[in-house]
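What follows is calculated from the coordinates using simple rules that are stated; it is not laboratory data. If you're wondering where the values come from, they're calculated on a predicted model, not measured in any experiment. In this analysis, Cβ positions are derived from the backbone assuming ideal geometry, glycine residues included, and neighbour counts consider all displayed protein chains.
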Amino acid sequence: MSTILLTGFAPFNQETINPSWEVVRRFDDQKIQASHTVKVAELACEFGTSITQLQQLLELHQPEFVICVGQAGGRPDLSIERVAINVDDARIPDNGGAQPIDQAIVEDGPAAYFSSLPIKAIVQALRTQGIPASVSQTAGTYVCNHIFYGLMHYADTHPGIKRAGFVHIPYLPDQACHHPGSASMSLETLESAFRLLLETCLLQNQDIRLSAGTIC
Ligand code: PCA
C-alpha cells in the first residue's frame, strides 16, 4: 500500500476555520483506488515552521503523492497551482508574527518549480463533474507559495515522490457570509472534488493538452 499525503493549513487572518483543513481531515486513512492510503496533517500558517513540519511528515510517511491545500479567500473555484516561486513577500504577518519581505525561501534555490500534478487533467475531470476549477498561474507570495516551493524543492532533492503540487480553495459558505460578495464552495463539493482529484493523479500518467492560460 502506497501513501498519499494531504495537508491543510490552520486558520489565519482572523478566520476561525480554514477550509483546507476542514476538507483534508475528511480523508484521514481513506483508501483511494484500493492501492493508496491517505495520511493527513494540519500545517501551521507560519513561514519556516510549516516547511519543517512538512519535511517531518515526508520523512515519516514516505508518500508517493503529496498535495498541499490552502485557502484563497475570494477565489471562485479550485485553483490548481502551476508554479511555486522562490520568494516570501508577506502582505500580513503570519500566525507567529513573522512578515518576511522579498526573502528567498531557499537561498541559491531555482527561481521556480512547476507542479508535477497533471494540472490540466485535474481541471478537466473536475469540470466534467460540474465542479468549477481552473489552472492558477500564481500561488501568491505568502505561506501557501512558501510551502509549495518547500515541497517541490524537497521532491527535487529526494527521490521517491512521484507527484506533488498545491491546490487553493475558496471560502466555505459560513466564511463567505462575513465577506459579502465573495464566492464560496460547500464542504461536500470540496470533498467530491478532492476524491476526483486524487483519483485523477493516480490514473493519469501524463497530463493532457488543454488550453488553460490567461491573457493580461
Ligand atoms: N492560505 C494562505 C496561507 C494559508 C492558507 O490557507 C495563502 O494563500 O498563502
Once the Cα gyration tensor of segment 86-216 is diagonalised, semi-axes √(5λ) in Å: 25, 23, 13
For segment 12-170, share of DSSP beta bridges that run antiparallel, in % to the nearest 5: 40 percent
Residue order, fewest to most beta carbons within 10 Å, for Lys120, Lys31: Lys31, Lys120
Residues Met152, Met1, Met185, sorted so that the one with the fewest Cβ neighbours within 10 Å comes first: Met1, Met185, Met152
HN-Hα J in Hz across segment 159-168 - Karplus 6.51, -1.76, 1.60, θ = phi - 60°, x for Gly and Pro: x, x, 7, 6, 9, 8, x, 9, 10, 9
Simple Cβ-charge dipole of segment 98-196, Lys/Arg +1 and Asp/Glu -1, about Cα centre, in debye nearest 20: 440 debye
P(r) histogram, all alpha-carbon pairs of segment 23-146 included - 5 Å bins from 0, percent: 2, 9, 16, 20, 23, 16, 9, 3, 1
Cα centre as origin, Lys/Arg/Asp/Glu Cβ charges: segment 1-149 dipole, Debye: 660 debye
Residue of Gly97, Gly74, Gly165 that the Gaussian network model of the chain assigns the largest fluctuation, springs spanning Cα pairs under 10 Å: Gly97
Proximal aspartates and glutamates to Lys39, defined as alpha-carbon separation beneath 17 angstrom and excluding residues fewer than eight positions away on the same chain: Glu22, Asp28, Asp29, Glu59, Glu64, Glu191, Glu199
Where only alpha carbons of segment 143-194 are counted, the Rg and the Dmax (Å): 15.3, 45
Peptide ranges 60-67, 205-212, 110-117 listed from the most packed, as the mean C-beta count within 10 angstrom indicates: 60-67, 110-117, 205-212
